[in-house]
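**Student:** Let me give you the structure first, and then I'll get to my questions.
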Amino acid sequence: MDIKSLWGLRVQEFYKKMFRYYSIIGANVVYFFIFISIIFIYYFNLFFHWIPPQISVEVILSLFVTYILIQTKVRTFFKRADIIFLLPLEMKLKSYFIKSLIYSLVIDVIKLVSFITVFLSLFLHTDNINLPFLFFIVGIAAYNILMKWTEQWLEDYVQLVLHRLNRFLSIYFMCYFLFENEWIFELILMSINAIFLIYIIGKKRNINWQWLIVEEENALLKNFKFINFFMDVPNLSRSFRNRRLLTMILKRYIPYSQSNTFVYLYSHLFVRYNDYFYLYLRLTLIGIFVNYAIPTSGWIFNILILLMTGLQVIPLQHEIKQSALLYPISKSQINNSFLKFVLVILYGQLFILYFAMFIHTSTAKIYYLVIGSLFVYVFVYFFVSKRVNVSGSTLKE
């Protein structure tokens, strides 16, 4: 294989695979995306009105942009086997790495310009996207990519923490000065960061292939997790923790009976798998914040939170081991156990969100709870029930 054409082939292979998934998603849930976007913008607008006047919009917007950039992954499209086959050719892969950095930069710039354009027009009521502004956006994105690239040479956890703290603060202040039109401070800070990067990258070091592979696998996993929100992705690797305290609680409160066998199994999988557990935790915390900050409209957001949680736990049905399915219980009973499990966690989430609204007694109407309860019941037994077909296809023995 020609080294010069390797990068193009890898990118083509990646997009061919992603196109199959995203074409199905785009054909079926385009209206769902529009609906979610409208609700998100509406609540973000309410959030900005809730913020105390002492805190400027630029402070909040800078935090959001910084958060987006911190999530960046350097895409190299490498695979595990490349450590063996491409390691001897490392010196000839300079153009490959440059293309990867440029690609990652372009993706970041597109995300930033899209995000900032929407927020400037909706929340700052100004059209400030001009040539100098774009120049600084590209500069901030380039700084972020190169700082991410240098993480591969950090030797211990302390260095990593300090490096990321420096990266976070630098990006935040560059964004803040940019939104405040403080061009002098922006140029000074960007110049200091450029000198710092030249000093770090100027030292000759070998490529950390293990870091590149992990970085690429994490980026690919993030794509598959997003796709898994809408459709099942086979053999999706997941991380887990035992969480002994929560499992002890489950053992105590789930009745010991044959009919509850799979309720018990699904509950343990949900608690132990980081993907599902943290997803539930994040969405619940977001809902609590919205209900506390904007209680008068929180009940609409509660429905959205419940919908998103319910959709994303549906793939949990396939995490059961094949050997567990040999237990003498009918498939219909296993399916009913999964529906019961989903019903319980959604009702639990609903009551937590309602409690956050209940703090504002003047707005905690009981019919909000009734509407939410009816939605959960209808969603589980008329929507989720049609998508439950336990097969135990994902979890390895």
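The values are calculated or read from the model by the stated rules, or taken from the named source; none is laboratory data. Given the structure is predicted, the values throughout are model-derived calculations rather than measurements. Ideal geometry is used to build each Cβ from the backbone, glycine not excepted, and the neighbour counts take in all protein chains shown.
**Student:** Hey, can you tell me all the residues within the stretch 171-190 that are more than 25 Å from the chain's Cα centre (by Cα), touching a residue at least 40 places away in the same chain (Cβ under 8 Å) and surrounded by 14 or more Cβ atoms within 10 Å (Cβ to Cβ)?
**Tutor:** Leu178, Phe179, Glu180, Glu186, Met190
Conditions tested, residue by residue: (1) at pLDDT below 80; (2) outside any helix (DSSP H, G or I); (3) out of contact with any Phe, Trp or Tyr (no Cβ under 6 Å at 6 or more places or on another chain).
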position	(1), (2), (3)
Pro315	no, no, yes
Leu325	yes, no, yes
Ile329	yes, yes, yes
Gln333	no, no, yes
Asn336	no, no, yes
Leu339	no, no, yes
Met357	yes, no, yes
Thr363	yes, yes, yes
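**Student:** Let me ask something else. Have a look at Ser100, Ser95 and point out the one that is exposed (fewer than 13 other Cβ atoms within 10 Å of the Cβ) and more than 16 Å from Leu134 (Cα to Cα). Even if it seems obvious, please write down each step before you answer.
**Tutor:** Numbers: Ser100 fails: exposed (fewer than 13 other Cβ atoms within 10 Å of the Cβ).
It is Ser95.
**Student:** Let me ask another. Write out, first by first residue and then by second, each pair whose Cβ atoms fall under 8 Å of each other, whose residues are 6+ apart or on separate chains, and whose first residue, in the stretch 240-255, is within 16 Å of Tyr278 (Cβ to Cβ) and polar (S, T, N, Q) while the second is modelled with pLDDT of 85 or more and not in a loop (DSSP other than H, G, I, E, B).
**Tutor:** Matching pairs, first to second residue: Asn242/Arg272.
**Student:** Within the stretch 222-261, track down each residue that is at pLDDT 80 or above, in contact with a helix residue (DSSP H, G or I) (Cβ under 7 Å, 6 or more places away or on another chain) and of a type in the set (A, V, I, L, M, F, W, C).
**Tutor:** Those that are at pLDDT 80 or above, in contact with a helix residue (DSSP H, G or I) (Cβ under 7 Å, 6 or more places away or on another chain) and of a type in the set (A, V, I, L, M, F, W, C): Leu246, Leu250, Ile254.
**Student:** Restricting attention to the stretch 136-170, report how many residues are in contact (Cβ under 8 Å) with a residue 24 or more places away in the chain and over 24 Å from the mean Cα position of the chain (by Cα).
**Tutor:** The total comes to 3.
**Student:** Has the stretch 93-116 got at least one residue that is closer than 22 Å to Glu151 by Cα, modelled with pLDDT under 85 and not charged (D, E, K, R)?
**Tutor:** The answer is no; no qualifying residue exists.
**Student:** Still on this structure, please answer the following. Would you pick out the residues in the stretch 262-280 that are assigned to a helix (DSSP H, G or I) and within 23 Å of Phe383 (Cβ to Cβ)? Even if it seems obvious, please write down each step before you answer.
**Tutor:** Start the filter on the stretch 262-280 by keeping residues that are assigned to a helix (DSSP H, G or I), which leaves 262-272, 274-280.
Once the filter is applied, which keeps residues that are assigned to a helix (DSSP H, G or I) and within 23 Å of Phe383 (Cβ to Cβ), the stretch 262-280 yields Phe262, Val263, Leu265, Tyr266, Ser267, Leu269, Phe270, Asp275, Tyr276, Phe277, Leu279, Tyr280.
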